[in-house]
Amino acid sequence: FPYGYSIGTTNSVAEPVMEFNNQSHMERYGNPLSIETEELLWVLTETFFPLGGVFGSMLVRPLLSRLGPRKSMIYTQILSIISTLLTSLSVLMRSYEAIIIGRFFLGAYCSIGIGIGPIYVSEISSPVVRGPVGGMFGVAIGIGTVVGNALGLKEVLGTKSGWPYLFALTVVPTLVFLSYIKWIPDSPRYTLMTCKDEAMTRHILTKLRGTDDVDKELDDLKVLADDVTTVKILTVKQVLTSRSLRWQLACTTVVLASVQLTGINGVQFNLNTVFLTAGIPHSIVSYVSLGVVAAQVVVASTSSLASERFGRRTLILAGNLIIVMSTILYTVSLALYDQAEWLSYVSIVATLGFILGVNIGPGIVAYVMGPELNNQSARPGVMTVAVFCFWLSFTIVTFATPYMFLYLGSYVLLPFMTVAIATVLFVYKFVPETKGRSMEEIEDFFKSGNTSRRP
């Protein structure tokens, strides 16, 4: 939720924050910011969020190895509190630097959550509901985006005086999480394999499943634990240099990084700009943006359920193909806009299709599929690398997108379309379906050398 909320608020508060930056500079130096510097400061405000994510991604494995999923999530709430204090109190400090640094801490917090959250969810969920439950991770991101956009309207908190409160609300999910922490159980896998506490593992499974009949699942965990005891948790260096993990690492990284390389967050950070470029009046552009992000929550909810019926791999392929078709429609509608103004509405449909394409497949399924592709010993290291690439891609896209709008105009989405096409080809040829498959079956697939054949 905080990840989506941050994306939504960024799109909403660009104008008042840029005005604050200019006023702060005037008070400090006696002269206004140049247009170029003002734009650069805003780009840095956007970019330091994913840059913090790059830093946070490097903490995923150490935290998982030393603290386990539950304690890691507790301690990372400190980053959220620091971020909230810096961004919300920046007005009192008259410091735009505080906003930028606060965004860095928020990015680190969200990055650790994206790295650890899916692992925790996959480890506490039974195989039957693992897809829908894991998919709710993406749904929560969508809900956060809607809430951020809604509260960022000028009639609510998207004003000169309201935006600090908009940033301050980032701490609310942290407070809710901490208030419920004693009811959030440890991971059964972590409790058995790392803490070696079989009685507590049984208690946790009974609590999670709502039944005392957990013998079979506990026995499966014991077998898995026996296998893992002979192979210690791999470091990032070992993961990167292991030939046997080459394809798991490649598939996990592509699945996660492609979420950002579709350009989705570059577009959502600049969603108002997308519609203004398409000719939508400034007076209604915020409401159009809100409607589009609200629609994505509905699609994301459906996608999380559909992943168990149609499979993770199928939805990733379908979502990327929709991205390709929507990009073509958006580009053509803007290129011909001068000849027919009604094409601006076609561009809205195309943008909606682009965002929904991401949420039908990669934006939802990737968070479930990434952990499923790796066993217990390799998962922390592989996910650390994949999440690092996820946030590095996010940083590059966020920094580049405003300049792409400036120099590419109506062709701004074409680079992202090429990534979607490449993702379709890679996933179709190399990535196995994980729905309904045990970890042993997925490992056997990679070990068999069948990665060049359609699974």
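Bear in mind these aren't lab numbers, they're just calculated from the coordinates by the rules spelled out. Given the structure is predicted, the values throughout are model-derived calculations rather than measurements. Here Cβ is always computed from backbone atoms with ideal geometry, including for glycine, and neighbour counts include all displayed protein chains.
The translational diffusion coefficient of the chain, from Stokes-Einstein at 25 °C and 0.890 mPa s with a Kirkwood hydrodynamic radius over alpha carbon pairs, comes to 108 µm²/s. Once both labels are positioned 7 Å from their Cα atoms along Cα-to-Cβ, the gap between THR159 and ASP215 label points is 6.6 nm.
For the pair segment 240-256 and segment 1-79, the centres of their Cα atoms are 29 angstrom apart. Note on segment 404-422 and segment 150-168: Cα centroid distance 31 Å, given to the nearest whole angstrom.
Panel order for VAL239, VAL387, VAL254, by other beta carbons found within 10 Å of each beta carbon, from fewest to most: VAL254, VAL239, VAL387.
Would you mind calculating the relative contact order of the chain from Cα pairs under 8 angstrom and at least 6 residues apart, reporting the percent as a whole number? Answer for the chain is 24 percent. Among HIS25, HIS203, HIS282, the ranking by other beta carbons within 10 Å of each residue's beta carbon, starting with the fewest, stands as HIS282, HIS203, HIS25. Volume of the convex hull of segment 1-125 (Cα atoms only), normalised per residue: 96 Å³. With the alpha-carbon atoms of segment 353-421 aligned to their principal axes, the span from lowest to highest coordinate is 46, 23, 16 Å, starting with the largest. Hey, what D do you get for segment 242-377 in µm²/s if you plug the Kirkwood alpha-carbon radius into Stokes-Einstein at 10 °C and 1.306 mPa s? Here the translational diffusion coefficient equals 99 µm²/s.
Scaling against 2.2 N^0.38 Å puts the C-alpha radius of gyration of segment 292-336 at 1.40.
Measuring against 20 Å, Cα to Cα, the residue pairs LYS222/LYS447; LYS196/LYS237; LYS71/LYS182; LYS216/LYS447 contain LYS222/LYS447; LYS196/LYS237; LYS216/LYS447 as the ones spanning a longer distance.
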